[in-house]
Amino acid sequence: AAGGAEARLLLLQEARESIEAARSYRRELQQRLRGLRQARDQIKESATLTRDVLEQHFSDLKGTLKKLLDERLLSLLQEVDVIEQESIKPLDECQKLIEHGVSTADDLLREGESAVDGDVGQQNEKLCNFTKKALHIQLDSLPEVPSLVDVPCLSAQLDDCLLTILKNQIFRHGTVASRPPVQLEEFVEKPGGILVRWCKVDDDFSPQDYRLQFRKGTASPFEDAYVGSDTEFMVLHIDPHVDYQFRVCARGDGRQEWSPWSVPQLGRTTLVPHEWTAGLEGYSLSSRRNIALRNDSQSCGVLYSKAPTYFCGQTLTFRQVPFGELIETVGQPDRRDSLGVCVEQQNGYDSLQRDKAVCISTNGAVFVNGKEMTNQLPAVTSGSTVTFDMEVVQLGPCSNEGGNFKLRVTISSNNREVVFDWVLDQCCGSLYFGCSFSYPGWKVLVF
């Protein structure tokens, strides 16, 4: 009996495992079925869109060609009218002259016949008058009439090779691609932004430039985010927890036209954007508070982030933006100037070169807890990009009361980097960032 019960329990366990496996198998099949449906929908929707694009393009092309042909026909007809009018005008004048001569000859002829057949008493006088009139008219002077070979004979010269050229061009015009040469590859969440990466999927295609577009949701129109040769771009000003649609295309080497767009994909970020704290007298902020400008105020101090929004495992980026469109320089440097991160906001300091902070100065010196390291990075200038990367290396027990805590920090500037360990006496899940500049003209974008 005991053996039968054990066997039954074993069978029940195997049955439950088989049921769970069947459920998992069904879920997987259903997921694959949804994938197939999405693929089918994509093919049908893209085919419908392609048909619409082709029909609209060729309809526009036919309308444009008809307009061009009508304009050319009108131009040629006007040319025929001008030649006809200019050629007929001297012939009309000659015709009027001849018709006037015929009328004069008729009058003279009647007068002569009357003089010859008149009374004998008046005949001599009439004959004398007639003879004088005939001599005055100069009956031997005749107007010149052009021969047919000397007057225009209009004709139209129409080269049939135009049809052959158009036929060859039309039959080569347009292509249908089954897949775009580039596709979106990866979306990386950033605070207030998304790092978009793409790649070439057609080995025979040689890209010269890429064009990335995005839009909020799916109803608004696409707008350009980037045009250039890079295969990744940071799209900023992205609202968190909102879907954005992206697409990319490419332009072949030496070509003017763009390739078909990639399959649109949705991306989003759940990370709130980095913002500077508003209200500090020495700094002016942009509308999104991600750009800080050191103004000409005499007030000094450290400008901190609004909240501790930098988390370990992320990349924090500072970028020096030129002060003006025509000014490619930044403010005058000072040894106290700094960009970096800190555990907490501490007012009363004029620099981040203090305890519980790591930073880089504008001359490239790196400070850890207020002490300068021997390693140095390139100086920060107009257009420079400085990044901070941190990962947690815990030394001792960490609790709410604190404990030994170590962060491995990597600071990069102008293709050079330094790596060091930053030891803290408390656990830090998130950090503040900050900057300090003594002179006006420095403009810092953070993302």
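Taking the range 399-438 as the range and being open to solvent by 30 Å² or more (accessible area, probe 1.4 Å), at pLDDT below 90 and under 43 Å from the mean Cα position of the chain (by Cα) as the test, the residues that pass are 414, 415, 429, 430.
Tell me, please, whether a residue that is open to solvent by less than 100 Å² (accessible area, probe 1.4 Å), more than 30 Å from residue 157 (Cα to Cα) and not small (Gly, Ala, Ser) can be found in the range 81-94. Within the range 81-94 (the criterion being open to solvent by less than 100 Å² (accessible area, probe 1.4 Å), more than 30 Å from residue 157 (Cα to Cα) and not small (Gly, Ala, Ser)), the answer is yes, since at least one residue qualifies. Selection of the range 279-306 for residues being open to solvent by less than 40 Å² (accessible area, probe 1.4 Å), assigned to a loop (DSSP other than H, G, I, E, B) and of a type in the set (A, V, I, L, M, F, W, C) yields only 302. Residues that are among the aliphatic types (A, V, I, L, M) and open to solvent by less than 100 Å² (accessible area, probe 1.4 Å) within the range 145-185 comprise 145, 151, 154, 156, 162, 165, 166, 170, 177, 182, 184, listed in sequence order. The set of residues in the range 231-263 being open to solvent by 50 Å² or more (accessible area, probe 1.4 Å), touching a Gly at 6+ places or on another chain (Cβ under 8 Å) and among the small types (Gly, Ala, Ser) is empty. Every condition in (1) open to solvent by 100 Å² or more (accessible area, probe 1.4 Å); (2) over 53 Å from the mean Cα position of the chain (by Cα) holds for residue 108 except the one numbered (1). Please determine whether any residue of the range 241-256 is outside any loop (DSSP other than H, G, I, E, B), basic (Lys, Arg) and over 23 Å from the mean Cα position of the chain (by Cα). No: zero hits.
Being farther than 30 Å from residue 173 by Cβ and aliphatic (A, V, I, L, M) holds for only one residue in 29, 54, and it is 29.
Against the conditions (1) buried (at least 18 other Cβ atoms within 10 Å of the Cβ); (2) over 23 Å from the mean Cα position of the chain (by Cα), residue 207 satisfies every one except (2). The residues listed here are 171, 130; of these, the one that is within 30 Å of residue 43 (Cα to Cα), free of Cβ contacts under 8 Å to residues at least 24 places away in the same chain, of a type in the set (Phe, Trp, Tyr) and out of contact with any His (no Cβ under 7 Å at 6 or more places or on another chain) is 171. Pairs are defined by a Cβ separation below 7 Å, a sequence spacing of at least 6 or placement on different chains, a first member in the range 70-85 that is in the same structural domain as residue 158 (by the TED database), and a second member that is surrounded by 10 or more Cβ atoms within 10 Å (Cβ to Cβ); the pairs so defined are 83/152.
The values are calculated or read from the model by the stated rules, or taken from the named source; none is laboratory data. Everything numeric here is computed off the predicted structure, so don't read it as measured data. Every residue, glycine among them, receives a Cβ derived from its backbone with ideal geometry; neighbour counts consider all protein chains shown. Note: accessible area is taken over every heavy atom of the protein model, side chains too, but ligands, DNA and RNA are not part of it. Shrake-Rupley method; radii C 1.70, N 1.55, O 1.52, S 1.80 Å.
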